[in-house]
Amino acid sequence: ETDQVPHAHPRILALANQKGGVGKTTTAINLGTALAAIGERVLIVDLDPQGNASTGLGIDRRNRSCSTYDVLIGEAPLREAVVSTAVPRLHIAPSTMDLSGLELELGTTAGRAFKLRDAIGALNNNVSPESDYTYVLIDCPPSLNLLTVNAMAASDAILVPLQCEFFALEGLSQLLQTVEQVRSTLNPNLSIHGIVLTMFDSRNNLSNQVVADVRQFMGEKVYKTMIPRNVRISEAPSYGKPVLVYDLKCVGSEAYLRLATEVIQRERELRVTH
Ligand code: ADP
Ligand code: MG
């Protein structure tokens, strides 16, 4: 007999957009922090060889002796790569440059697209409340390569950060096409969780026009919360801190807290309708 609550699966969300510099990593770090701040147990999986999410959370090289590379290549369970951060309930599996060689190393091996899915699947099997995550956020690299395909194959849904700039919509259809492909081949349950508009500047007419276009094109999929362009957000990573730790009161922190509330709200609605 046991009073152990059965281990629920974590919700697995990938931050994806093949464009670089649109706010994927910033959103992984700060949405993760905001979710942890309101009580969720969050694991960030750094799937970008650049390792910006790891650096931005203050994980130095010495703490990356076991990384997502070791996990995907099959040499370590995900649990072994996980390190805690300065934020309670927020953990990260860091990455190193090794990860950039993964595609070549895995070659055409069977199941190479499911390495991350299987690693996450094995995560909550051991009885350790510490690692019993409610959210896994995957920070993808800026391309639609095997790493991003692994993230999509492992995820319940995709969260797309979209920068409020002129070419914002251009790459979106290609991304949606890839999601569709993954849905029809690797992961029939994959959905688009939402699109988050980043680096919004209300004084900029172009920013406002992009917002109008994206909302018209994607409708309800676009979160109400927009992340403003905010200098505190861009300063925080050089201190190895999420903006919510660096400056809780700034507009950037407030926006990420609102986004977290909206993400959780959307999760509730999904649970009701399914
Ligand atoms: P990606 O992971 O998509 O490549 P990043 O999250 O690394 O993009 O963001 C790219 C750059 O823009 C980083 O230097 C980051 O600090 C900055 N940045 C991201 N979001 C904001 C924002 N809302 N306001 C100001 N700077 C931002
Ligand atoms: Mg990034």
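Helix 172-185 axis versus longest C-alpha principal axis of the chain: approximately 30°, rounded to the nearest ten. Between Arg232 and Arg271, the modelled labels are 3.1 nm apart [label points 7 Å from Cα along Cα→Cβ].
The charge dipole of the chain, taken about its Cα centre with unit charges on the Cβ of Lys, Arg, Asp and Glu (plus for the first two, minus for the last two), comes to roughly 540 debye. Amide H to amide H distances under 5 Å link Leu197 with Leu162, Tyr223, Ile227, where only residues 5 or more positions off or on other chains count and H is placed in the peptide plane.
Comparing Pro88, Pro141, Pro228 in a Gaussian network model of the chain (Cα springs below 10 Å), the most mobile by mean-square fluctuation is Pro88.
Length available on full extension from Ile38 to Ser184: 0.36 nm per residue minus the Cα-Cα distance, which gives 49.1 nm. Computed from phi, the 3J(HN,Hα) profile of segment 207-224 under the Karplus parametrisation 6.51, -1.76, 1.60 (θ = phi - 60°) reads 3, 5, 5, 4, 4, 4, 4, 5, 5, 5, 6, 10, x, 5, 5, 7, 4, 4 Hz, with x in place of Gly and Pro. Applied to segment 143-155, the Karplus parametrisation 6.51 cos²θ - 1.76 cosθ + 1.60 on θ = phi - 60° returns per-residue 3J(HN,Hα) values of 6, 9, 8, 4, 5, 5, 5, 4, 5, 5, 5, 8, 9 Hz, with x for Gly and Pro. Count Lys and Arg as plus one, Asp and Glu as minus one, and take only other residues whose Cβ is under 11 Å from that of Asn230; the net charge is then -2.
Just report the Cα centroid separation between segment 53-132 and segment 160-226, whole Å. For segment 53-132 versus segment 160-226, the Cα centre distance is 27 Å. Spread over its residues, the convex hull of the C-alpha atoms of segment 11-273 is 121 Å³ per residue. For the chain, DSSP calls about 5 percent of its internal beta bridges antiparallel. Along the chain, the longest continuous region that contains none of the chymotrypsin sites (Phe, Trp or Tyr not before Pro) in a DSSP loop with at most 14 other C-beta atoms within 10 Å is 1-165. Structural descriptor for segment 138-224: relative contact order 33 percent, calculated from alpha carbon pairs under 8 angstrom and at least 6 residues apart.
For Ile44, the residues whose amide H sits under 5 Å from its own are His91, Ile92, Ala93, Leu137, ignoring neighbours fewer than 5 places away on the same chain, with H placed 1.01 Å from N. Of Arg112, Arg203, Arg232, the residue with the greatest mean-square motion in the GNM of the chain, using alpha carbon springs below 10 Å, is Arg203.
In the elastic network of the chain, a GNM with C-alpha springs shorter than 10 Å, the most mobile of Met218, Met199, Met152 is Met218. Helix 24-37 and the long axis of the chain differ in direction by around 80°, with both axes built from C-alpha atoms.
None of the figures in this text is laboratory data; all of them are computed from the coordinates on show. Source: prediction; values computed, not measured. Reconstructed Cβ throughout: ideal geometry from the backbone, glycine too, with neighbour counts over all protein chains shown.
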